[in-house]
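S.K.: Structure incoming, see below.
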Ligand code: G4P
């Protein structure tokens, strides 16, 4: 086997997704603890934007700054090099999360057993399904009085449109939570709430569920209940099918309590066994295999340095194929420039370090003085562009007003760079003289205003406008397309790639336009 293939086989790259508060941060931290990447809980800087008041946006920006290191967290576990990509849970940063999902090969979805499937869970899972990303589910907070596990599984299947297969089964819940039974390893793991900081590794082999050992461990009632439920599970669910999981149709499910360190090891052990290694990826020209000799990669995230004296940024690049080397020239496809990187960085837990080389499934941080936009591709010369960084329609639109005509240039530059970073989407009309900024949350407008002023010296205002949705439009019928663009010119704008979008303010509005122009296709995302 080639060295390249060996390195590929070692790597796993995944994201943890959840509705805020389900336990994503806690689980991340516990995984790092198991991986030996951190020594005690509490080390992971909390990306707690969700707990901050809307007005306190500077705090969020500070935290975004701090979270540079935690955007990618690498650790080693059982001969694997695992990268967790952090995904902000807060709704206002959902775009960030969607884009991060283009760089992973699988995800772990955390669900709070009390709340079940929540709003952000639905949205994030729809992205996973669209991209056929394999999903493992961790049902968290089993130490709380939650929903019945069978009901939870049914809810997940119905609401998230994915089949499930429990691989562990909880014994009781909340005050009666006694542990989990691992359905494949046939092991019983007993719960103790005191295990907060250490790794619980005491399990009991129970080959035969009818054994009296079960009564001894759990008591009569719980033992009987477990037997009945396991029988039901084995009767209802098909055996776990790896292919279905890998193609995104079947989610293995684990139960546990992240804060109590419980159920994590089973999750992690199964993850390293079944989660896909770095996968082939689509470009506009062809599918690129990870074991191709030549390096390719793409930028999925850009972090601004908030210190105005050091205006450099870090572009996070996922290596997709071949070997990346420090100080070697690579082709930046969009600008057709050759770039080399003197200090590419790798991320292990909360530490950054210089790397000489990187392999498919690695994420490298590239210091950038403004060359990169999200979605940019790097290659050894071949002209191709990685697909799959779609934009979704923003939910809030406002018109950008320049408050200081002397600083027009700075405003243009600032807003362009912030859009490149993915802070917001920009749609323009009248050759750019009208600018509509679209976001998924009010918070971003404050952030943009603040950053334009402090980083670019440009002051602006945002004026409310009535649009609520952007649909990218295409048509095979040029006449119809032109007619629409002419007759509804006030609703047509152009995205940063100069693609036309139709801006609507109600479902009724877009529906009636769609009826009037049946040969124009209205796309939900910027890629189709
Ligand atoms: P998030 O990143 O998904 O937003 O969630 P996070 O891990 O921050 O967890 C949200 C809250 O749920 C935290 O409590 C955390 O301690 C708690 N939690 C996580 N796992 C479990 C669990 O297994 N059982 C129980 N009972 N609670 C759990 P908090 O009070 O909001 O924050 P903190 O003060 O503990 O930081």
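S.K.: Ranked highest first by average number of other Cβ atoms within 10 Å, how do 271-278, 329-336 line up?
M.R.: Taking the mean over residues of other Cβ atoms within 10 Å, the ranking is 271-278, 329-336.
S.K.: A further question on this structure: Can you tell me the orientation of helix 264-274 relative to the chain, as the angle in degrees between its alpha-carbon axis and the longest Cα principal axis, to the nearest 10?
M.R.: 70 degrees
S.K.: Follow-up question, since we're still on this one. Compute the semi-axes of the equivalent ellipsoid of segment 450-511, taking the square root of 5 times each eigenvalue of the Cα gyration tensor, and list them largest first in whole Å.
M.R.: 30, 15, 9
S.K.: Let me ask you something else. Show me the ranking of peptides 148-157, 104-113, 25-34, 419-428 by mean Cβ neighbours inside 10 Å, starting with the highest. Could you put the intermediate results ahead of the total?
M.R.: Working: 148-157: 16.9, 104-113: 25.3, 25-34: 23.6, 419-428: 20.7.
Top to bottom by mean Cβ count within 10 Å: 104-113, 25-34, 419-428, 148-157.
S.K.: Over segment 127-178, what is the mean sequence separation of C-alpha contacts under 8 Å (at least six apart), divided by residue count, expressed as relative contact order in percent? Numbers along the way, then the final one.
M.R.: Working: 29 pairs, mean separation 20.4, N = 52.
Relative contact order, segment 127-178: 39 percent.
S.K.: Treating the chain as a set of equal point scatterers at the Cα positions, no solvent, please give the Debye-formula log₁₀ I(q)/I(0) at q = 0.07, 0.08, 0.11 Å⁻¹.
M.R.: Taking Cα atoms of the chain as identical point scatterers yields -0.43, -0.56, -1.01.
S.K.: Take every Cα pair under 8 Å in segment 396-523 that's 6+ residues apart, average their separations, divide by the length, and report that relative contact order as a whole percent. Show your work: numbers first, answer last.
M.R.: Values: 202 pairs, mean separation 37.0, N = 128.
The value is 29 percent.
S.K.: What angle do you read, to the nearest 10 degrees and between 0 and 90, between the alpha-carbon axis of helix 24-34 and the longest principal axis of the chain?
M.R.: 60 degrees
S.K.: Follow-up question, since we're still on this one. Counting alpha carbon pairs within less than 8 Å and at least 6 residues apart, what relative contact order, in whole percent, applies to the chain?
M.R.: Details: 1090 pairs, mean separation 73.2, N = 528.
That works out to 14 percent.
S.K.: If you take every DSSP beta bridge whose two residues both sit in the chain, what share of them, in percent to the nearest 5, is antiparallel? All intermediate terms of the calculation are to be shown ahead of the outcome.
M.R.: Working: 78 of 102 bridges.
Within the chain, antiparallel bridges account for around 75 percent of the total.
S.K.: Helix 507-516 versus the longest principal axis of the chain: what is the Cα-based angle in degrees, 0 to 90, to the nearest 10?
M.R.: Approximately 60 degrees, to the nearest 10.
S.K.: Let me ask you something else. With n ≥ 4 as the cut-off for DSSP H runs, can you work out [θ] at 222 nm for the chain, using -39500 (n - 2.57) per run divided by the number of residues, rounded to the nearest 500?
M.R.: Details: 15 runs with 152 residues, N = 528.
So the helix-based figure for the chain works out to -8500 deg cm²/dmol.
S.K.: If I stretch the segment between residue 490 and residue 461 completely, what's the gain in nm (0.36 nm per residue apart, minus their alpha carbon distance), one decimal? Please report the intermediate quantities before stating the final value.
M.R.: Details: separation 29, 0.36 × 29 = 10.44 nm, distance 2.09 nm.
So the chain would gain 8.3 nm between residue 490 and residue 461.
Every number in this text was worked out from the coordinates using simple rules, so none of it is lab data. Quick caveat, the model's predicted, so the values are computed rather than measured. Backbone-built Cβ (ideal geometry, glycine too); neighbour counts: all protein chains shown.
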